[in-house]
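The values are calculated or read from the model by the stated rules, or taken from the named source; none is laboratory data. Computed from a predicted structure; not experimentally measured. Ideal geometry is used to build each Cβ from the backbone, glycine not excepted, and the neighbour counts take in all protein chains shown. Accessible surface is based on the protein model in full, side chains and every heavy atom, while ligands, DNA and RNA are left aside. Shrake-Rupley method; radii C 1.70, N 1.55, O 1.52, S 1.80 Å.
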Amino acid sequence: MNHEFFMNEALKQAKLAAKQDEVPIGAVVVKDGQIVAKAHNCRNKSKNATQHAEVMAISRACKKLNDWRLTGCSLYVTLEPCVMCLGACFNARISNVYFGAYDLSGQGCIPLAEMIGRTLNHELTLCGGVLEKPCSQLLTDYFVSKRQSK
């Protein structure tokens, strides 16, 4: 599977978020080598704290595949998932999560995923650093521009 191709698709979604003055995070759900859902952050626009790229992409994939179980699906996201999004991945039975930039503000999701996996009896494979530099740079540029506009 071409991880860089799918992460580039997630980056396109993140850039759409930035154009809408949202934190530039994008996600795509892939099954059998095909993208089944795309999304980007839209918390500001929707006025809804749960509208993270990952949650929206999972929701759209469930609707398209007509199942709440996304077994065999992979999620590509430009930033390491937060606790809420990681929980959504487990609950949807996502098989793999590939992320670009590491979230340096938190403790990281890998130890948390191991703990949740034992609790929910579902194994989730996490892999970080896919196109890490462009994913990180997009976030850095966004927050620099926000600080400069104040």
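Any residue in region 11-28 that's free of Cβ contacts under 8 Å to residues at least 40 places away in the same chain: show its pairings with residues that are of a type in the set (S, T, N, Q) at Cβ separation under 8 Å, as long as the two are six or more apart or on different chains.
Ala17/Asn41; Gln20/Asn44; Asp21/Asn44; Glu22/Asn41; Glu22/Asn44
If the Cβ limit is 6 Å and pairs must be 6+ apart or interchain, which residue in region 69-82 that is of a type in the set (Phe, Trp, Tyr) pairs with which residue that is assigned to a strand (DSSP E or B)?
Cβ pairs passing all conditions: Tyr76/Val28; Tyr76/Tyr98.
For Glu9, state whether it is of a type in the set (Asp, Glu), buried (at least 24 other Cβ atoms within 10 Å of the Cβ) and part of a helix (DSSP H, G or I).
So Glu9 fails the test.
In region 65-88, how many residues are under 21 Å from Leu11 (Cα atoms) and open to solvent by less than 60 Å² (accessible area, probe 1.4 Å)?
Counting residues in region 65-88 that are under 21 Å from Leu11 (Cα atoms) and open to solvent by less than 60 Å² (accessible area, probe 1.4 Å) gives 13.
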